[in-house]
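Take a look at the structure below.
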Amino acid sequence: MIYTVEKAILVTNQLKKFKDSYAFMVAGQFANIDFWMNEVMSGLKAIDEHNMRFEKMYKAQKKWTEEKNVKVPDYCSICNGICELSNKHYIKPELPKNSAKKEKIDSRKELINASYYFLVRCFKLELLDENLFREYCHCIGTSIDPNDFY
């Protein structure tokens, strides 16, 4: 799993705990709401910019391996050593694959949802007024369910 997704999952799991915690615990976490919202925004930014960072990494690795004519041992899946049966003991390294699209989409959605439910809980406990609640929801890019005002 990529770091970007792991980071989002970590913050998501923390926020999910606050949704069902005792009110006094939520009040304690609300005292650090700026920290938590910064964590959420940082996680969303990391997910949103992942493809750009991946492309830079990919191009840098490709350039390096081509310029330096880098070769790595051809490994044997049986003994986990250099493959003695291969006619090529050293081969070009495999470049990374950007294969975490679904995980990024899912972790982004879960992070926003967990943030929203934490904000709803803070609003219902009267830790947040409606304007600040709306502002935080806008920051994380989510709409508001009108039923959550009652």
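Nothing in this text is a laboratory measurement; each read-out follows from the coordinates by a stated rule. Please read these numbers as outputs of a predicted model, since none were measured by experiment. No Cβ is skipped: glycine too gets one built from the backbone with ideal geometry, and neighbour counts run over all protein chains shown.
Can you tell me which lysines have their Cα less than 24 Å from the Cα of Lys71? Leave out same-chain residues fewer than eight positions away.
Within reach: Lys56, Lys59, Lys62, Lys63, Lys88, Lys92, Lys97.
On a full-extension model of 0.36 nm per residue, what is the gain between Leu10 and Lys109, subtracting their alpha-carbon distance, rounded to one decimal in nm?
34.3 nm
Okay, helix-only estimate at 222 nm for the chain: each DSSP H run of n ≥ 4 adds -39500 (n - 2.57), divide by all residues, round to 500 deg cm²/dmol; what do you get?
Roughly -20500 deg cm²/dmol at 222 nm, from the helical runs in the chain.
Find the relative contact order for region 13-150 and round it to a whole percent, using C-alpha pairs within less than 8 Å whose residues are 6+ positions apart.
With pairs under 8 Å counted, the relative contact order is 30 percent.
Compute the FRET efficiency between Asn32 and Lys59 as 1/(1 + (r/R0)^6), taking r as their Cβ-Cβ distance and R0 = 35 Å, and round to the nearest 0.05.
It comes out at approximately 0.35.
With labels modelled as points extended 7 Å from the Cα through the Cβ direction, what inter-label distance (nm, one decimal) is found for Glu67 paired with Cys79?
3.7
With charges set only on the Cβ (+1 for Lys and Arg, -1 for Asp and Glu), what does the dipole of region 1-114 come to about its Cα centre, in debye to the nearest 20?
Dipole of region 1-114, to the nearest 20 debye: 300 debye.
Would you please give the FRET efficiency between Asp129 and Lys97, computed as 1/(1 + (r/R0)^6) with r the Cβ-Cβ distance and R0 = 41 Å, to the nearest 0.05?
0.30
DSSP H helices in the chain with Cα extent of 18 Å or more along the helix axis and mean Kyte-Doolittle hydropathy at least 0.0?
Within the chain the helices that satisfy the rule are 33-48.
Rank Met41, Ala23, Val72 by how far each Cα sits towards the positive end of the charge dipole of the chain (+1 on Lys, Arg Cβ; -1 on Asp, Glu Cβ) and give me just the farthest.
Working it through, the farthest residue towards the positive pole turns out to be Val72.
Which lysines, if any, have their Cα less than 29 Å from the Cα of Lys16, not counting same-chain residues under 8 positions apart?
Lys7, Lys45, Lys101, Lys102, Lys104, Lys109, Lys124
Any idea which of Tyr117, Phe54, Ile82 is furthest toward the positive side of the dipole for region 50-133, if Lys and Arg beta-carbons carry +1 and Asp and Glu beta-carbons -1?
Ile82
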